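A.B. asks: Here you go, one structure.
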Amino acid sequence: MRRQTPREVRNAHSTTRTPLPRRMRMAIMSLFLLSISVMVIIDSKPNYHRTALTGPELRPIESSPWIGGDLCLDFVNTAGSRTRAPAVDRLEAYGDLVRWSRLAGTIDDSIAEELLRLAEAEPASAARVLSRAKALREAIYRVFSARADGRAAEASDLNALSSAAAEAAAHRALAPAGFGFRYVWPREGARLERVLWPIAAAAVELATSDRVTRVKECATANCNWLFVDLSRNRSRRWCQMRECGNRAKQRRYHAREKAGSVADRKNDARAEPGMGRRVQTGTSRDRRAFR
Ligand SMILES: [Zn+2]
């Protein structure tokens, strides 16, 4: 009898292969359809640029605080905890700049849509404007933080602010408004940098106004949010009472509690001869803890 060639063996094997059970075929088909659905969902995941105004996702920028009392300080407060670089930063994409500007009221919906379309068409330019926005924000922070702290601002930061404001002013123009005029940025031919102009203009306006003497930095270490203290007796210390203010209150309360228990132990030691030495040790340890 002739020996079968390898191909004949394979063919013989394939013709005798048991067909897959119906249930298994259905399961494979379902998995296939499921994977296609997942691919479609991933592909249609909202684009931050496209959905910056209307997307269902809640962007971090939307929880940005509006406690600065000035446009440029509210922009500074989109980041926080700046020991060296911002540890908290709500500006993650160019679309966040547009969304923030829309919330701040410095652009309207039609300009916002135009900027988002532009950012989608020119992503590299949008990324450059985003990093310029962050650099401007940090320069504004350092200038006003120094002022609040009674220090001189760095010349490089003042130059950065001046340049940004000069660029903004170059695009501004007078327009009729009622019987008078308004100083506006043109609506036509939107540019990606458009979102930076009102911020830079506001920073220079605040820096050269009387209100600059009221600019403060939150008293909580490494909060770094700035605000204009509009209280009558200039007594505001925290960015928000319900956040940093309450935490400071709690710290003071615990400190008093601890100090009270130390005083009680001292009194006990006086009342009981021979206990003084132990209590003294506890007191010095507690003092160290509060430094
Ligand atoms: Zn704070």
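Here, each number is a calculation from the coordinates, and none is a lab measurement. Predicted model only: the values in this text are computed from it and were never measured. Ideal geometry is used to build each Cβ from the backbone, glycine not excepted, and the neighbour counts take in all protein chains shown.
A.B. asks: Give the aspartates and glutamates reachable from LYS258 as a straight Cα distance under 16 Å; neighbours fewer than 8 places away on the same chain don't count.
C.D. replies: Within reach: ASP268, ASP286.
A.B. asks: Just add up the charged neighbours of LEU230: K/R +1, D/E -1, any other residue whose Cβ is under 13 Å from the Cβ of LEU230.
C.D. replies: Here the charged neighbours net out to +3.
A.B. asks: Also, quick follow-up: Provide the gained length on full extension for the span ARG237 to SER81, in nm with one decimal, where the gain is 0.36 nm per separating residue minus the Cα-Cα distance.
C.D. replies: Full extension from ARG237 to SER81 adds 54.5 nm.
A.B. asks: Which loop trypsin sites (Lys or Arg not before Pro) in the range 93-165, with loop taken from DSSP, have no more than 14 other Cβ atoms within 10 angstrom of their Cβ?
C.D. replies: When the trypsin sites (Lys or Arg not before Pro) of the range 93-165 are filtered for loop state and at most 14 Cβ neighbours within 10 Å, ARG151 remain.
A.B. asks: Extent of the range 55-183 along each principal axis, from alpha carbon coordinates, in Å, largest to smallest?
C.D. replies: 42, 42, 29
A.B. asks: Find out how many positive minus negative residues lie around ARG102, taking Lys and Arg as positive, Asp and Glu as negative, among other residues whose Cβ is under 13 Å from that of ARG102.
C.D. replies: -3
A.B. asks: Order by neighbour count: SER145, SER162, fewest other Cβ atoms within 10 Å first, most last.
C.D. replies: Details: SER145 19, SER162 14.
Final ranking by Cβ density, sparse to dense: SER162, SER145.
A.B. asks: Using the number of other C-beta atoms within 10 angstrom as an exposure proxy, rank TYR253, TYR94, TYR141 with the fewest first.
C.D. replies: Taking fewest neighbouring Cβ atoms as first place, the list is TYR253, TYR141, TYR94.
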